[in-house]
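Participant: If you scroll down you'll find the structure; I have some questions about it.
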Amino acid sequence: MRKTELIWAGVVVFSLIIFLSVLVYAINVGYNTPGITEHANVKDFKTGVFKIDEGVYEVHILAAQFYFDPYTITLKDPVKVIFKIMSQDVIHGFSIIGTNVNVMVVPGYITTVIWYPPTNFKGNFTIICDEYCGPGHSNMFATLIIER
Ligand code: CUA
């Protein structure tokens with residue numbers, strides 16, 4: 001074996017060790033997909049829009065093949081919106097078009113997103129599933145209505 005081959009073999013092995021160490025570390029500190037916060041049973045999950053305070057809403061959404069429940073979400077003068085989303089079957093996406101809300105919804109977990117809608121946001125916003133989840137994936141959407 002040539003010396004340069006040995007050096008490159010060493011570089012490859014060293015890189016592999018670094019890569020695997022980072023992976024093991026990430027798993028140990030509990031790294032997860034953004035927004036995924038807690039284990040939960042979908043059977044105990046109550047969907048709906050809950051007004052917590054003036055302008056503060058908690059919205060619980062169920063993602064399923066191939067719909068969102070609730071299908072229409074109406075918020076009046078929202079300042080802060082806490083979305084909690086669960087899936088009852090496979091991995092779905094939750095993306096509000098035209099905003100920075102875009103998360104994955106993994107079965108067995110609650111995905112939490114806190115959103116501060118800009119004050120000039122009003123009207124209808126389309127929510128789509130942006131993770132391929134089966135043959136009806138392209139029909140999986142909902143509507144967010146912001147009234148001001
Ligand atoms: Cu749900 Cu794609």
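The values are calculated or read from the model by the stated rules, or taken from the named source; none is laboratory data. Everything numeric in this text was worked out from a predicted model, so none of it was measured. Backbone-built Cβ (ideal geometry, glycine too); neighbour counts: all protein chains shown.
Participant: Hey, among the residues in region 96-125 that are among the hydroxyl-bearing types (Ser, Thr, Tyr) and under 19 Å from VAL79 (Cα atoms), which one's surrounded by the most Cβ atoms within 10 Å (Cβ to Cβ)?
Facilitator: Step by step, filter region 96-125, then rank; the result is THR112.
Participant: Has region 37-48 got any residue that is in contact with a helix residue (DSSP H, G or I) (Cβ under 6 Å, 6 or more places away or on another chain), modelled with pLDDT of 95 or more and either within 30 Å of ILE145 (Cα to Cα) or outside any loop (DSSP other than H, G, I, E, B) (or both)?
Facilitator: Scanning region 37-48 turns up no residue that is in contact with a helix residue (DSSP H, G or I) (Cβ under 6 Å, 6 or more places away or on another chain), modelled with pLDDT of 95 or more and either within 30 Å of ILE145 (Cα to Cα) or outside any loop (DSSP other than H, G, I, E, B) (or both).
Participant: Just one of ILE73, ILE97, ILE27, ILE52 is more than 28 Å from SER138 (Cβ to Cβ) and at pLDDT 95 or above; which is it?
Facilitator: ILE52
Participant: Among the residues of region 137-148, are any more than 15 Å from the ligand (Cβ to nearest atom) and modelled with pLDDT under 95?
Facilitator: Checked against the condition, which is being more than 15 Å from the ligand (Cβ to nearest atom) and modelled with pLDDT under 95, region 137-148 yields at least one hit.
Participant: Does LYS51 satisfy being part of a strand (DSSP E or B), closer than 25 Å to TRP115 by Cβ and without any contact (Cβ under 8 Å) to a residue 12 or more places away in the chain?
Facilitator: So LYS51 passes the test.
Participant: Do any strands (runs of 3 or more DSSP E) lying entirely in region 69-135 carry at least 3 residues that are more than 20 Å from ARG148 (Cβ to Cβ), within 16 Å of the ligand (Cβ to nearest atom) and not polar (S, T, N, Q), and which ones are they?
Facilitator: 92-96, 102-105
Participant: While we're on this one: Here are the criteria: (1) closer than 24 Å to ALA40 by Cα; (2) surrounded by 13 or more Cβ atoms within 10 Å (Cβ to Cβ). Tell me which single one ILE146 does not satisfy.
Facilitator: Among (1) closer than 24 Å to ALA40 by Cα; (2) surrounded by 13 or more Cβ atoms within 10 Å (Cβ to Cβ), ILE146 violates only (1).
Participant: For region 74-91, which positions are under 14 Å from the mean Cα position of the chain (by Cα) and among the charged types (D, E, K, R)?
Facilitator: Residue satisfying the conditions is LYS84 alone.
Participant: Taking CYS133 and the conditions (1) in contact with a His (Cβ under 7 Å, 6 or more places away or on another chain); (2) closer than 20 Å to ASP44 by Cβ, which numbered condition does it fall short on, given that it satisfies the others?
Facilitator: (2)
Participant: Also, I was wondering about something else. Quick check on VAL59: is it part of a strand (DSSP E or B), more than 16 Å from the ligand (Cβ to nearest atom), in contact with a strand residue (DSSP E or B) (Cβ under 9 Å, 6 or more places away or on another chain) and farther than 24 Å from GLY136 by Cβ? Working first, answer last.
Facilitator: Numbers: part of a strand (DSSP E or B): yes; more than 16 Å from the ligand (Cβ to nearest atom): yes; in contact with a strand residue (DSSP E or B) (Cβ under 9 Å, 6 or more places away or on another chain): yes; farther than 24 Å from GLY136 by Cβ: no.
Criteria not met by VAL59.
Participant: Here's another thing I want to ask about it. May I ask you to list pairs of residues, at least six apart or on different chains, whose Cβ atoms are under 7 Å apart, with the first in region 88-113 being farther than 12 Å from GLN65 by Cα and the second being among the charged types (D, E, K, R) and part of a strand (DSSP E or B)?
Facilitator: Listed pairs, sorted by first residue: TYR109/GLU38; ILE110/GLU38; ILE110/LYS84; THR112/LYS84.
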